[in-house]
Amino acid sequence: MRIGLLGGTFDPVHIGHLVMAEEARLRMGLERVLFIPAGAQWMKTAGEISPSDARAEMVRAAIADNPAFELSLVDVERPGPTYSVDTLRLLRDQLGQATELFFILGQDALEQMPEWHLPREMLRLCTLVVMPRPGVPPLDWDALERRLLGVRERSRFLGDAPQVQVSATEVRRRITAGESVRYLVPEAVLEVIRRRGLYRN
Ligand code: ATP
């Protein structure tokens, strides 16, 4: 079995996330893609991030109509800071050795990976599926390889994937400013945002 993992803050989940998950599913022949919201304990100061249940509810609403997409609460339910390497180990144990794991991430996130906890171990546990992200400088693979040996070989860069220039930061800014985010987040997510009064400050 081939399973994709898409971790994120998802504050809120937006069409950039959905496009990358679907593209990874299609191109890598994944049976399922798990959306894994980060636990709130990741953030330095409380209040910087919406509560886990709100972020999980938005993900649930966003993916409800795609039978290949699934919400995973592994990181939300674990106490303390959660490292991606531990998430991978946990899912490997849960899903079994026969399952191949594909860690989906944007190129901006990949650039940070050398600073993550045990990045070499992560490369051992999964294949990275890297998405281009508009508005960020092109990936310098040589420089990245110097910071994280073996990363290139363990990555599939989907350079011709559809690109959507949207970020959760911009979505939050627009909502706070009273501007439209129609089509940037699915309608079902907008409903959750409205009902919970998120990002209005
Ligand atoms: P924020 O603006 O709050 O930093 P974000 O939009 O980057 O949020 P995250 O939840 O932090 O969203 O992202 C989770 C993953 O999705 C990361 O790997 C990130 O690189 C990737 N990602 C998010 N938006 C896009 C996009 N528009 N195109 C490609 N990758 C994206």
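If I filter the stretch 8-39 down to residues being open to solvent by 40 Å² or more (accessible area, probe 1.4 Å) and within 15 Å of the ligand (Cβ to nearest atom), which single residue comes out as modelled with the lowest pLDDT? Spell out how you get there, then give the answer.
Narrowing the stretch 8-39 to residues open to solvent by 40 Å² or more (accessible area, probe 1.4 Å): 9, 15, 19, 22, 25-27, 29, 31-32.
Add one more test, that the residue is within 15 Å of the ligand (Cβ to nearest atom), and what stays is 9, 15, 19, 22, 25, 27.
Working: Thr9: 95, Ile15: 98, Val19: 98, Glu22: 98, Arg25: 98, Arg27: 98.
Applying the filter and picking the extreme gives Thr9.
Restricting the search to the stretch 118-135, which residues are loosely packed, with under 15 Cβ neighbours inside 10 Å and within 17 Å of the chain's Cα centre (by Cα)?
Passing the criteria: only Pro134.
Take the residues of the stretch 136-163 that are among the aliphatic types (A, V, I, L, M) and over 15 Å from Leu105 (Cβ atoms): which is most open to solvent (accessible area, probe 1.4 Å)?
Quick first cut of the stretch 136-163, residues among the aliphatic types (A, V, I, L, M) only: 136, 139, 143-144, 148-149, 151, 158, 161.
Those left that are additionally over 15 Å from Leu105 (Cβ atoms): 143, 149.
Numbers: Ala143: 29, Leu149: 112 Å².
Restricting to residues being among the aliphatic types (A, V, I, L, M) and over 15 Å from Leu105 (Cβ atoms), the top hit is Leu149.
Can you tell me which of (1) modelled with pLDDT under 95; (2) out of contact with any strand residue (DSSP E or B) (no Cβ under 8 Å at 6 or more places or on another chain) is the one Leu95 doesn't meet?
Among (1) modelled with pLDDT under 95; (2) out of contact with any strand residue (DSSP E or B) (no Cβ under 8 Å at 6 or more places or on another chain), Leu95 violates only (2).
Where residues in the stretch 65-81 are in a loop (DSSP other than H, G, I, E, B) and under 11 Å from Gly7 (Cα atoms), which of them is least open to solvent (accessible area, probe 1.4 Å)?
Our first condition is that a residue be in a loop (DSSP other than H, G, I, E, B); within the stretch 65-81, this holds for 65-68, 72-73, 78-81.
With under 11 Å from Gly7 (Cα atoms) added as a condition, the list becomes 72-73.
Numbers: Ser72: 14, Leu73: 50 Å².
It comes out as Ser72.
From the list Leu123, Leu149, pick out the single residue that is farther than 21 Å from His14 by Cα, of a type outside the set (Val, Ile, Thr) and part of a helix (DSSP H, G or I).
Values: Leu149 fails: part of a helix (DSSP H, G or I).
Exactly one of Leu123, Leu149 is farther than 21 Å from His14 by Cα, of a type outside the set (Val, Ile, Thr) and part of a helix (DSSP H, G or I), namely Leu123.
Which one of these is within 15 Å of the ligand (Cβ to nearest atom) and buried (at least 16 other Cβ atoms within 10 Å of the Cβ): Val192, Val181?
Values: Val192 fails: within 15 Å of the ligand (Cβ to nearest atom).
Within the list Val192, Val181, the selection yields Val181.
When the stretch 85-111 is examined, which residues are found to be closer than 16 Å to Leu30 by Cβ, open to solvent by 60 Å² or more (accessible area, probe 1.4 Å) and not charged (D, E, K, R)?
Ala98, the sole residue that qualifies.
Looking for something within 12 Å of the ligand (Cβ to nearest atom) and at positive phi - is there at least one such residue anywhere in the stretch 135-147?
For the stretch 135-147, residues within 12 Å of the ligand (Cβ to nearest atom) and at positive phi: present.
The values are calculated or read from the model by the stated rules, or taken from the named source; none is laboratory data. The model shown is predicted, which means the values in this text are computed figures rather than measured ones. Positions of Cβ are generated from backbone atoms using ideal geometry, with glycine treated the same way; all protein chains shown enter the neighbour counts. Heavy atoms of the whole protein, side chains included, go into the accessibility calculation; ligands, DNA and RNA do not. Shrake-Rupley method; radii C 1.70, N 1.55, O 1.52, S 1.80 Å.
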